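Heads up, the thing below is written out as structure tokens.
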């Protein structure tokens, strides 16, 4: 039997076959055609199309996997073209497509069985199909391109089950996949993955935080408006404890948010195969030694950084002043635009980056400046150098600032618990619902107050006489920048939403201004 479209050169049959796969640049899937030309003659295996080392090494994995099926390539001259030729191909996710295209070219599979099928997976030497990164965005891309079906590794079944409008099969071995394409035993479909946002965590609770009423209120305002937060206080004041409990008072993750977050985590290889979806708000807490690329993303093959992995969740930067200055400054653009662009010579990668950023910092290197009972041992120059690590533009992008006093030991000893996360969460949900209602009515175009553009902010954050006077005084005495002024209005709008008030009043503005007082102290 000779393949459809097979021609003859000098009496030797020439086999041609094409398989479909894709490669990711950032979150964007780029279609790749695996074109295989096979002739009988002196054995060789060559690959063209800007393939990197991991792709070129597919020769070894494919040959071994095919040998496990009883197919030896010793008598074939095989040329593989990965098109388009100007797109750099990396990783081992092309293994399955290459193996199947080779089988088609040597007449072990019908050529028609490869039409309109996306193939993803890495091969083991024994023919087992291993999971790969970025299954969800690649399946979305296949559906958008009009492909009829896809075959993915079985361990990605839960993730693949999130995609509607595309017939997705799962395979554990190359043998199963070949039987399916040959018309033998069909593969099982990827079952639909039902999304159910996880309820509020029960292992940690805001009630465990003793005292710190002002900080708890700042945390509630932060959650209600998706604002960024800066906490300043001595060691042991509860900064880390508060930050880790912020996700417990956030509203449940919506389906669209979960899909977007899952795509980012899938590209990074962090999706739990048993769940297949990120159903809770991410919480990322990188060490202060993290590099700029680790924080905002990068690398020769662009990968998402911590700011993107925390998308729709919380990015906690403990010991903020200990981070590299360059790493902190690289956060300024993502915090403003909500997206990270990683530019390389051949491509640009885009990653969304809309986390709630929580920074925690000591007031000085020793941590005890202003402490009522422990003396500060730092020299004035040391304090100045420490504080200047946090630039004005960066502080401007942190909406709410709060100073934490030392925890009163008596409040720890009396055993009284504060308000629970579930109670605070209900107020946050109600405040978010008011913001969502304004968006549904067309009054604003964004989901949370933290994202309000200037024109919409002026429309829904009109001040009464008392509030206007307070803001004018704050601008005059605190020297607030135009960005800080807008932050005050956005935070005041959130405080009014928590109070169920349609108008921003003097007390709301006063509380919001208190959240910018640290501008004059750091």
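Bear in mind that the values in this text are calculations on the coordinates, not laboratory data. Just so it is clear, the structure is predicted and the values come from calculations on it, not from any experiment. Backbone-built Cβ (ideal geometry, glycine too); neighbour counts: all protein chains shown.
By the count of neighbouring beta-carbon atoms within 10 Å, fewest first, 45, 169, 323 end up ordered 45, 169, 323. Fully extending the segment from residue 475 to residue 87 would add 134.5 nm, taking 0.36 nm per residue of separation and subtracting the current Cα-Cα distance. Solvent-free Debye calculation, one equal scatterer per alpha-carbon of the range 198-245: log10 I(q)/I(0) at 0.24, 0.28 Å⁻¹ equals -0.99, -1.24. With respect to the chain, whose longest principal axis is taken over its alpha-carbon atoms, helix 255-267 is tilted by about 60°. Annotation: the residues 498, 270, sorted from fewest to most other C-beta atoms within 10 Å of their own C-beta, follow the order 270, 498. Full extension of the chain between residue 426 and residue 194 yields a length gain of 81.1 nm, computed as 0.36 nm times the residue separation minus the alpha carbon distance. Protection proxy ranking for 427-438, 46-57, using the average of other Cβ atoms within 10 Å per residue and placing the highest first: 427-438, 46-57. Peptides 179-187, 293-301, ordered by how many other C-beta atoms sit within 10 Å of their residues on average, highest first, read 293-301, 179-187.
Label-to-label distance, residue 458 versus residue 214, with points set 7 angstrom from Cα along the beta-carbon direction: 3.4 nm. Restricting to the chain, what percent of DSSP beta bridges are antiparallel, rounded to 5? Given both bridge residues lie in the chain, the antiparallel proportion sits at roughly 55 percent. In whole Å, what is the distance between the alpha-carbon centres of the range 311-347 and the range 205-280? Result: 17 Å between the Cα centres.
Determine the shape class of the range 206-446: with a ≥ b ≥ c the square roots of the Cα gyration tensor eigenvalues, call it rounded for a/c under 1.5, and otherwise prolate if a/b is greater than b/c, oblate otherwise. The shape class here is oblate.
Please figure out what share of the DSSP beta bridges in the range 270-389 is antiparallel and state it in percent, rounded to the nearest 5. Restricted to the range 270-389, the bridges split so that about 55 percent are antiparallel. In the chain, the DSSP-assigned H stretches of four residues or longer account for a calculated mean residue ellipticity at 222 nm of -10000 deg cm²/dmol, using -39500 (n - 2.57) per stretch and the full residue count as denominator. The slack in the chain from residue 332 to residue 373, taken as 0.36 nm per residue of separation less the alpha-carbon distance, amounts to 11.1 nm.
The distance from the alpha carbon centre of the range 61-103 to that of the range 163-190 is 19 Å, rounded to a whole number. Only one of (i) 43, 28, 23; (ii) 55, 23, 21; (iii) 38, 26, 22 was calculated from the structure for semi-axes √(5λ) of the Cα gyration tensor in Å, and its label is (ii). Counting only alpha carbon atoms, the long axis of helix 465-478 and the longest principal axis of the chain meet at about 80°.
Across all directions, the shadow cast by the convex hull of the range 7-189 built on its C-alpha atoms averages 9.8 square nanometres. The angle separating the long axis of helix 213-225 from the principal Cα axis of greatest extent in the chain is about 40 degrees.
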